[in-house]
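What follows draws every value from the coordinates through simple rules; no lab data is involved. These numbers were taken from a predicted model, which means no experiment stands behind them. With ideal geometry, Cβ positions are generated from the backbone for all residues, glycine too; neighbour counts draw on all protein chains shown.
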Amino acid sequence: MPRVSANGIEIEYESFGDEGGEPLLLIMGLGTQLTGWPDTFCEQLAGLGYRVIRYDNRDIGLSTHLVGVRPPNIPLLASLHLLRLRLPVPYTLEDMAADAVALLDALAIERAHLVGASMGGMIAQLVAAHYPERTLSLTSIMSTTGHPSLPRAERYATRALLSKPADPTDPEAVIERNTRVRKAVQSTLYPKSDEELRAAAAKAFYRGGYDPAGVTRQLGAVIVAPHRRQLLGSVRAPSLVIHGEADPLVKAECGIDTARHLPDATLKLFPGMGHDFPQPLLEPMAEAIHEVARRA
């Protein structure tokens, strides 16, 4: 896969479709590599005429990892955030939004359709708000405004996400831990078998390794981020919010709140969808993104 220098780091990316198509940038979530966007989903979007670009965020996959930069103390950071006190973190979601724009610069792309999932949805929201001249449309998937009044994740999902492998130096232990995380947040109506979940976890591990410090730095950026309700009111691009009604990690109310605060938003809720990309929903998701893109 190709790599570019952008915003002071190296970003690994991959493209699908005709380079002459309208650019569509896929921004992935916390601790998840670009391969978190299913190949079939990328191909479906490319088949609709888009130049689809997916990339590894900083500190994940094959992009730059901030080795040597001390990760934040997450319990302390979260406690102080509840008290509206902020500790410095290695970088912010705004920095990650600047990464996305710098990637567009490196690829000589003036404007793009933005599609973000989970933390990637937060990043896409920031790009749309702070860089309107670079934004054709915005799609926020299983994400949130981050307002403190919104419901929290189910405890079992949080426990899975924050769990550690029995032996972080043992690939099998890491793959087992990552399989448990995938199982905890998957769609209730479209469950994958344990074999499928494990195969996906193994593929991700052998591509990009395991860097808990990097994921912790990303999580620190999420925790200290101010809520975006007011900021979303400035977004003028046509928007789409996709959310699963059975999402245990980012509750459906969070997606509803996001759509409510975007001036020109369509909300699409999928019954039985969790915090993942079920194969049967990929085509309707791609069609919904195409629909909002055509409004741009």
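Could you please let me know if Asp56 is among the acidic types (Asp, Glu), under 15 Å from the mean Cα position of the chain (by Cα) and buried (at least 20 other Cβ atoms within 10 Å of the Cβ)?
yes
Table: residues versus (1) assigned to a helix (DSSP H, G or I); (2) within 24 Å of Leu162 (Cβ to Cβ); (3) not polar (S, T, N, Q).
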| residue | (1), (2), (3) |
| --- | --- |
| Pro23 | no, no, yes |
| Gly31 | no, yes, yes |
| Thr35 | yes, yes, no |
| Asp59 | no, yes, yes |
| Gly68 | no, yes, yes |
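Yes/no matrix, rows are residues, columns are (1) surrounded by fewer than 16 Cβ atoms within 10 Å (Cβ to Cβ); (2) small (Gly, Ala, Ser); (3) touching a strand residue (DSSP E or B) at 6+ places or on another chain (Cβ under 7 Å):
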position	(1), (2), (3)
Ala225	no, yes, no
Ala237	no, yes, yes
Val250	no, no, no
Asp264	yes, no, yes
Met285	no, no, yes
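Quick check on my filter: what residues within the stretch 252-270 are part of a helix (DSSP H, G or I) and in contact (Cβ under 8 Å) with a residue 12 or more places away in the chain?
Of everything in the stretch 252-270, those that are part of a helix (DSSP H, G or I) and in contact (Cβ under 8 Å) with a residue 12 or more places away in the chain turn out to be Ala252, Glu253, Cys254, Gly255, Ile256, Asp257, Thr258, Ala259, His261.
Kindly list the number of the only condition in (1) assigned to a helix (DSSP H, G or I); (2) without any contact (Cβ under 8 Å) to a residue 24 or more places away in the chain that fails for Pro191.
In the conditions (1) assigned to a helix (DSSP H, G or I); (2) without any contact (Cβ under 8 Å) to a residue 24 or more places away in the chain, Pro191 misses (1) alone.
Considering only the stretch 73-119, how many residues are part of a loop (DSSP other than H, G, I, E, B), touching a residue at least 60 places away in the same chain (Cβ under 8 Å) and small (Gly, Ala, Ser)?
Number of matching residues: 1.
With (1) without any contact (Cβ under 8 Å) to a residue 40 or more places away in the chain; (2) in contact with a Ser or Thr (Cβ under 8 Å, 6 or more places away or on another chain) as the list, and Glu245 as the residue in question, which single condition is left unmet?
(2)
For the stretch 159-179, how many residues are closer than 23 Å to Val222 by Cα, exposed (fewer than 15 other Cβ atoms within 10 Å of the Cβ) and either touching a His at 6+ places or on another chain (Cβ under 9 Å) or not hydrophobic (A, V, I, L, M, F, W, C) (or both)?
Total satisfying the criteria: 3.
Within the stretch 163-176, can you find the residues that are out of contact with any Asp or Glu (no Cβ under 7 Å at 6 or more places or on another chain), assigned to a helix (DSSP H, G or I) and farther than 26 Å from Leu282 by Cβ?
Of everything in the stretch 163-176, those that are out of contact with any Asp or Glu (no Cβ under 7 Å at 6 or more places or on another chain), assigned to a helix (DSSP H, G or I) and farther than 26 Å from Leu282 by Cβ turn out to be Pro171, Glu172, Val174, Glu176.
Would a scan of the stretch 197-208 turn up a residue that is within 28 Å of Gly61 (Cα to Cα), more than 19 Å from the chain's Cα centre (by Cα) and not hydrophobic (A, V, I, L, M, F, W, C)?
Yes, that holds for at least one residue.
Please work out which residue is farthest from Ile11 (Cα to Cα), limiting yourself to the stretch 59-68 and to residues that are in contact with a helix residue (DSSP H, G or I) (Cβ under 9 Å, 6 or more places away or on another chain) and either surrounded by 13 or more Cβ atoms within 10 Å (Cβ to Cβ) or of a type in the set (S, T, N, Q) (or both).
Filtering first and then ranking leaves Leu66.
Just to be sure I understand, how many residues within the stretch 121-149 are assigned to a loop (DSSP other than H, G, I, E, B) and either β-branched (Val, Ile, Thr) or more than 19 Å from the chain's Cα centre (by Cα) (or both)?
So the count comes out to 4.
Looking at Gly255, Gly274, Gly244, Gly209, which is the one that is of a type in the set (Gly, Ala, Ser) and surrounded by fewer than 23 Cβ atoms within 10 Å (Cβ to Cβ)?
Gly209
Pairs only if they're at least six apart or on different chains, beta carbon under 8 angstrom, first in the stretch 30-51 and surrounded by fewer than 18 Cβ atoms within 10 Å (Cβ to Cβ), second in a loop (DSSP other than H, G, I, E, B) and charged (D, E, K, R); list them, first residue then second.
Gly49/Asp18
Contact list please: Cβ distance under 9 Å, first residue in the stretch 226-239 and free of Cβ contacts under 8 Å to residues at least 12 places away in the same chain and in a loop (DSSP other than H, G, I, E, B), second residue hydrophobic (A, V, I, L, M, F, W, C) and surrounded by 15 or more Cβ atoms within 10 Å (Cβ to Cβ), pairs at least six apart or on different chains.
From residues that are free of Cβ contacts under 8 Å to residues at least 12 places away in the same chain and in a loop (DSSP other than H, G, I, E, B), there are no pairs.
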